[in-house]
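**Student:** Below you'll find the structure I mean.
Please treat every number below as a calculation from the coordinates, not as lab data. Please read these numbers as outputs of a predicted model, since none were measured by experiment. Because the Cβ atoms are built from the backbone with ideal geometry, glycine has one as well, and the counts that use them run over all protein chains shown.
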Amino acid sequence: MTPAISAPTAGPVERPAPPARALDRGLTPMMLNHLAYVTHDVAATADFYTRVMGMTLASTIFDDQVPSTGERFPYFHIFFRMGDGSTIAFFECTDLPPAAKSTHPAYDTFNHVAFQVASREELRRWRDWLVECGVEVLGPVDHKGMIESIYFHDPNGIRLELTVPLDPAWNRHTEQGYADLELWVGTKERAKREGRDPAQALLEMIREAKKRYGGQ
């Protein structure tokens, strides 16, 4: 009699270790130090951020060489300070050509800087002040009960937002944030695997989710 041959049993599956996280090493940035942009008119930029936006001219640097890269660009670097000590900064560099135009309007809408104010009443005072200064203002806009904002542009064409939280925990919805991230990425990747248009799949997912939340 031929002995029965048993199917080989699979050994334990070794799962790859999860990637290391900065949080596990006790590493989280303390605050926003500065955002930096290019300006072609540092005088107009300084006037706008000090006179119109009420910030303090915090620091300046000028040199003929960029310290981080060694590139020989003569530049003027200027910082403007907000109430919490964070800053927005600009570089003026001689003989720079204009920046390339965006390839889609979404870039000009989504790329922006938001500054927080103390209250809805103050937000309306800001709106009135900006209009008085000849700045075109959009809003206020209520973002689904999370924040309320107004929008405008600085002399460099950078889209700015002044915002006030309506939800005191607006930046503490971590668990829901991960769930939404998984839903978005999963919908997009599933559409790719199925040979469907990811943009259309995401649009359908959004519309279905809006039905569940009363069309908000």
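**Student:** Of the listed values (1) 13.2; (2) 22.3; (3) 17.8, grab the one calculated as mean projected area of the Cα convex hull in nm² from the structure here.
**Tutor:** (2)
**Student:** Report, in debye and to the nearest 20, how large the dipole of region 105-165 comes out about its Cα centre when Lys and Arg carry +1 and Asp and Glu carry -1 on their Cβ. Could you put the intermediate results ahead of the total?
**Tutor:** Working: 6 positive and 10 negative charges, 28 e Å.
Computed about the Cα centre, the dipole is about 140 debye.
**Student:** Still on this structure, please answer the following. Could you compute the net charge surrounding Phe90? Neighbours are other residues with a C-beta less than 10 Å from the C-beta of Phe90; K and R count +1, D and E count -1.
**Tutor:** -3
**Student:** In debye, nearest 20, what is the charge dipole magnitude of region 1-131 about its Cα centre with +1 on Lys and Arg Cβ and -1 on Asp and Glu Cβ, if you could check? Before the final figure, lay out the partial values.
**Tutor:** Numbers: 11 positive and 14 negative charges, 107 e Å.
Once rounded to the nearest 20, the dipole reads 520 debye.
**Student:** Give the residue from Val185, Tyr151, Ser102 lying farthest towards the positive end of the charge dipole for the chain; charges sit on Cβ (+1 for Lys and Arg, -1 for Asp and Glu) and the dipole is referred to the Cα centre.
**Tutor:** Val185
**Student:** What does the net charge come to around Phe48 if you take all other residues with beta carbon closer than 13 Å to its beta carbon, with K and R at +1 and D and E at -1?
**Tutor:** Working: positive: Arg51; negative: Asp41, Asp47, Asp154.
Neighbourhood net charge equals -2.
**Student:** Something else about it: Between Asp41 and Glu194, what is 0.36 nm times their sequence separation minus the Cα-Cα distance? Round to one decimal in nm. Could you put the intermediate results ahead of the total?
**Tutor:** Working: separation 153, 0.36 × 153 = 55.08 nm, distance 5.02 nm.
The Asp41-Glu194 span can extend by a further 50.1 nm.
**Student:** With the contact rule set at Cα under 8 Å and sequence spacing of 6 or more, what percent relative contact order holds for region 105-165? Let's see the in-between values first.
**Tutor:** Working: 89 pairs, mean separation 24.6, N = 61.
Taking the mean separation of contacting Cα pairs over the length of region 105-165, I get 40 percent.
**Student:** Would you list which lysines come within 25 Å of Lys211, measuring only between C-alpha atoms, while excluding same-chain residues fewer than 8 positions from it?
**Tutor:** Hits, sequence-local ones excluded: Lys144, Lys188, Lys192.
**Student:** If you don't mind, another one. How high is the FRET efficiency from Ser119 to Thr94, r the C-beta distance, R0 41 Å, rounded to 0.05?
**Tutor:** On the way: r = 42 Å, r/R0 = 1.04.
That pair, Ser119 with Thr94, gives E of 0.45.
**Student:** Between beta-carbons, use under 14 Å as the cut-off and find the net charge around Ile147, counting Lys and Arg +1, Asp and Glu -1. Can you show the working numbers first?
**Tutor:** Details: positive: Arg120, Lys144, Arg172; negative: Glu122, Asp142, Glu148, Glu161, Asp167.
Cβ neighbours under 14 Å give a net charge of -2.
**Student:** With each run of n ≥ 4 DSSP H residues scored as -39500 (n - 2.57), what mean residue ellipticity at 222 nm is computed for the chain after dividing by its residue count and rounding to the nearest 500 deg cm²/dmol? Intermediate results must be reported in sequence, preceding the final value.
**Tutor:** On the way: 5 runs with 60 residues, N = 216.
So the helix-based figure for the chain works out to -8500 deg cm²/dmol.
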